[in-house]
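Below is one structure, written out as structure tokens; the observations come after it.
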Amino acid sequence: MTPLAVLAVGEAMVELSASDEAGLWHLGYAGDTLNTAWYLRRLLPGDQAIGYLTRLGQGGFSRRLNDFISDAGIVTDHVSTDPVREVGLYAIDLSAGERSFTYWRGQSAARGLADDPEALARAFGQAGLIYLSGITAAILPPEGRDNLAAALTAARAKGARVVFDTNIRARLWPDHATLRAQITRFAGLADLVLPSLDEETAHFGDANPQDCIARYLAAGAGQV
């Protein structure tokens, strides 16, 4: 498998956005960690391979999404296929200059991206840096989160660096206590944590950037 400078981990989705013509929609592909991988591929030298780890389905939308990732120059060695579930979908509607989002992701194949500990270990063993987000953790079942945390710990012990963007989306978590506990858990496994103060204030009560930084450093983060 291809050695990777960066491996991004998360959920890639089909995106529908309203066009200028009434009743017509534009089809695209996106996701927080996929967007980061896409921009890294554009910005970094070609000899620094960028990979993406997710789980897709077997249908046409999943195949086209996989082609989109590959055509962008992103390595798809670690994109697995679910025999039952399909790729998630969201729509962006524009009204009076404001965007609103509607999601269909409850049965997304990406929820199984951390089901196989051995596959995670193989993927992380190829990467110099592993990038994930709070959304990556939020969509996983408890066992998947445990698998992901164990794989990150093992990869760091072997020299990989971990970057965690907290990217807090409360609607994806079963309750606020789980949100706080798991965001803190994965931040504590990271060499670099990338929080947004408005989200941190809303969910952790940080009054200023210094409070946020101190809290994540205390959790075990290397840098915030």
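The values are calculated or read from the model by the stated rules, or taken from the named source; none is laboratory data. Nothing here was measured: the structure is a model prediction, and the numbers come from that model. Glycine also receives a Cβ, built like all others from the backbone with ideal geometry; neighbour counts cover every protein chain displayed. Side chains included, ligands, DNA and RNA excluded: accessible areas come from the protein's heavy atoms. Shrake-Rupley method; radii C 1.70, N 1.55, O 1.52, S 1.80 Å.
Results, tabulated for the structure shown:
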item: Output for region 20-62, where each listed residue is of a type in the set (Gly, Ala, Ser), over 21 Å from the mean Cα position of the chain (by Cα) and within 20 Å of Trp104 (Cα to Cα); result: Gly23, Gly59, Gly60
item: Filter result (over 14 Å from Met13 (Cβ atoms) and either in a strand (DSSP E or B) or modelled with pLDDT of 95 or more (or both)) within region 83-100; result: Pro83, Val84, Asp93, Leu94, Ser95, Glu98, Arg99, Ser100
item: From Leu179, Leu189, Leu217, residue being outside any strand (DSSP E or B), of a type in the set (A, V, I, L, M) and in contact with a strand residue (DSSP E or B) (Cβ under 7 Å, 6 or more places away or on another chain); result: Leu189
item: Where Gly128 falls short, out of the listed (1) touching a residue at least 60 places away in the same chain (Cβ under 8 Å); (2) open to solvent by less than 30 Å² (accessible area, probe 1.4 Å); result: (2)
item: Residue that is buried (at least 16 other Cβ atoms within 10 Å of the Cβ), within 15 Å of Gly10 (Cα to Cα) and touching a Phe, Trp or Tyr at 6+ places or on another chain (Cβ under 7 Å), where the choices are Ala160, Ala155, Ala123, Ala138; result: Ala138
item: Elements of type helices (runs of 4 or more DSSP H) in region 117-166, at least 2 residues being within 13 Å of the chain's Cα centre (by Cα); result: 134-138, 142-157
item: Single match in Val163, Val224 (criterion: in contact with an Asp or Glu (Cβ under 9 Å, 6 or more places away or on another chain), at pLDDT 95 or above and among the β-branched types (Val, Ile, Thr)); result: Val163
item: Pick from region 104-120, criterion hydrophobic (A, V, I, L, M, F, W, C) and surrounded by fewer than 18 Cβ atoms within 10 Å (Cβ to Cβ), ranking: modelled with the highest pLDDT; result: Ala119
item: Where a residue in region 15-34 is closer than 18 Å to Asn66 by Cβ and its partner, wherever it lies, is part of a strand (DSSP E or B) and open to solvent by 70 Å² or more (accessible area, probe 1.4 Å), with Cβ under 6 Å and at least six apart; result: none
item: Every residue from region 170-200 that is over 17 Å from the mean Cα position of the chain (by Cα), farther than 15 Å from Ala138 by Cβ and open to solvent by 60 Å² or more (accessible area, probe 1.4 Å); result: Leu197, Asp198
